[in-house]
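Report on the structure given below.
The values are calculated or read from the model by the stated rules, or taken from the named source; none is laboratory data. Nothing here was measured: the structure is a model prediction, and the numbers come from that model. All Cβ positions, even for glycine, are placed from backbone atoms using ideal geometry, and neighbour counts span all protein chains on display.
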Amino acid sequence: MKQSKTPLEKLLTGTHRKDRDTPKLNIDGAYSFPHCPKHLKGEHRKIWGEVNKAMTQYKLITTPDKPLLEQYCFLLAKLRYEPDAFTASLHAQLRGLATDLCLTPESRAKAKLGTVDPSDCLLAKYSL
């Protein structure tokens, strides 16, 4: 039995009609940082807000990154509360999460954020 295409697939293949169900797409490209989960309290919520404030300008952290960010908040709160009990493996986890979330300058540089070389624009425009 053949399954029908989703509204997005119909739109992409050109078989979508305006009088049928329209896909709910975020066309304007508006970005929103994921909301803080309700179970985060105190220091964890404060760290979430700090990351939100610092990273919203880059528009990199999205809803699928929410579990990683949550784990990052727990580890950083533990580091701030008990620095002596923070083991090397926990520190490695924290660094790995920071890299995955593009929280480090090096990982943001690899993501090529907002750096457009004028010569690249000319190459793309004139197919040189």
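Just one of the listed residues (78, 53) is surrounded by 15 or more Cβ atoms within 10 Å (Cβ to Cβ) and in a helix (DSSP H, G or I), namely 78. Within region 96-128, being within 17 Å of the chain's Cα centre (by Cα) and either at positive phi or at pLDDT 90 or above (or both) holds for 96, 97, 98, 99, 100, 101, 102, 103, 112, 114. What about residue 65, is it of a type in the set (Asp, Glu), modelled with pLDDT under 95 and part of a loop (DSSP other than H, G, I, E, B)? The answer is no for residue 65.
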